[in-house]
Amino acid sequence: MAGRLIAGGKLVTADGVVDEGWLLVEDGYISALGTGEHPRADDTVDAKGCWVVPGFVDIHCHGGGGEPFMSTDPARARVAVDTHARHGTTTLLASLVSRPIPELVNQISALHELVEDGLLAGVHLEGPFLSAARCGAHDPAILQAPDQDSVATLLRAGRGAVRMVTLAPELEGSVRAVRQLVDSGAIAAVGHTDATEAQVMPAVDAGATVATHLFNGMRPLHHREPGPIGALLDDERVTVELICDLVHLNPTIVRLAARHAGLGRTVLVTDAIAAAGVGDGSYDIGGLEVVVRDGVPTLAGGTSLAGSTLTMDVAFRNLVQGCGLTVPEAVAATSTRPAALLGLSEATGKLAKGLTADLVLLDSALHVSAVMRRGAWVG
């Protein structure tokens, strides 16, 4: 039989962990999987001692390999995609930071080529509809309330590529914008917000379904005013993003949030900037200087975190080894749930017959041994 066989590893499937399992890849898809006697293949990989997990799905990433997605050069964006692919991310949303609407239109238009080619699953706009009080690494001078024309202009520029937009629900017009986004088929996310619980809930009722990097860029949780953290974490309709670099969030906070939200609502994201896969130095994010020291990016001259240098393999490892969750729980948070959120459950995010052969081999210490994307090994 033709194809590629991966045999002897621990396969993490939707039905549980298959010890000493095998998986057959043909024409870019998983054609069969199981345990015990396996079929013959043209190419066999011995995965003994490895975990075999679905390829990672990152819905919040600003760049990598020294290149930001806000560049209008598709070739530079491809460098970022390739960098994260080597770390196991086989499905990726390109996140853009707040810029004036005309600049965002140009950036979205440039990324559309990569979406058409299938290298990107879409574009995530993190701004400019954010709170100046919780702007983080977004230029406060650029932030604005979401008027219908601006939202329509950005969606039109994407020609279907804009898959998610983050906004602050307390801004004038935000609830209307949530409905506008949902009606267009995009995901409305709540983030970079100083809202009270009472201001958050109308946006959720209108269709907002994601909490952008929960805890970060938000009014803090308070026992007399839950604010966005309490409201979003406790609402069964909302999926929560967690940046699991163990810098943005303490391991106990990650564990508490993930345990409360559960498998169906927890998603790990990198929020990675161009420095991911490169190292320390000075970088530009939306016109603001960011300095990376010891792998931690902050705004120049301050202490505000400005994204991360995280890759999804490290986030996966941190969730298990640093926060105490299981490997199957990590698979749900890095693959299964984010794929479902993007409407891609019938294509990727799981190890199952008929799905795209997107997968990662992790050694016993959960470091990447190999990555397969669409049935081809990533170099």
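Going by average Cβ neighbours within 10 Å, how do the peptides 323-329, 121-127 rank, with the highest at the top?
Working: 323-329: 17.6, 121-127: 26.0.
Peptide ranking by packing, descending: 121-127, 323-329.
Seen from GLY227, the other residues with C-beta closer than 15 Å to its C-beta sum to a net charge of -3, counting Lys and Arg as +1 and Asp and Glu as -1. Relative to the dominant Cα principal axis of the chain, helix 74-85 is inclined by about 60°.
Charges only on Cβ, +1 for Lys and Arg, -1 for Asp and Glu: so what's the dipole of the range 56-341 about the Cα centre, in debye to the nearest 20?
Dipole about the Cα centre, nearest 20: 460 debye.
Going by average Cβ neighbours within 10 Å, how do the peptides 221-229, 271-279, 64-72 rank, with the highest at the top?
Values: 221-229: 16.1, 271-279: 24.9, 64-72: 22.1.
The most tightly packed comes first, giving 271-279, 64-72, 221-229.
Counting other beta carbons within 10 Å of each Cβ, put ARG163, ARG4 in order, fewest first.
Details: ARG163 22, ARG4 19.
Starting with the residue having the fewest Cβ neighbours, the order is ARG4, ARG163.
Annotation: the antiparallel percentage among DSSP beta bridges lying fully within the chain is about 55. Rounded to the nearest 500, the helix-only mean residue ellipticity at 222 nm of the chain stands at -7000 deg cm²/dmol, with each DSSP H run of n ≥ 4 adding -39,500 (n - 2.57).
Which GluC sites (Glu not before Pro) in the range 158-228 sit in a loop by DSSP (not H, G, I, E or B) and have at most 14 other Cβ atoms within 10 Å of their own Cβ? Before the final figure, lay out each step's value.
Details: sites: GLU170, GLU172, GLU197; in loops: GLU170, GLU172.
Within the range 158-228, the qualifying GluC sites (Glu not before Pro) (loop, at most 14 other Cβ atoms within 10 Å) are GLU172.
By its C-alpha gyration tensor, with a ≥ b ≥ c as the square roots of the eigenvalues, how is the range 204-332 shaped: rounded for a/c under 1.5, else prolate for a/b larger than b/c, else oblate? Note, shape of the range 204-332 comes out oblate.
Taking the centroid of alpha carbons for each part, the range 323-353 and the range 245-295 are 19 Å apart. The DSSP beta bridges internal to the range 11-114 are antiparallel in roughly 70% of cases.
With both partners inside the range 115-249, how many of the DSSP beta bridges are antiparallel, as a percent to the nearest 5? Please list the in-between numbers first.
Numbers: 0 of 13 bridges.
Beta bridges within the range 115-249, antiparallel portion: roughly 0 percent.
Quick note: the coordinates plus some simple rules give every number you see, no bench work behind them. It should be emphasised that the depicted structure is a prediction, and the values quoted were computed from it without experimental measurement. Cβ sites come from the backbone with ideal geometry, for glycine too, and all protein chains shown count toward neighbours.
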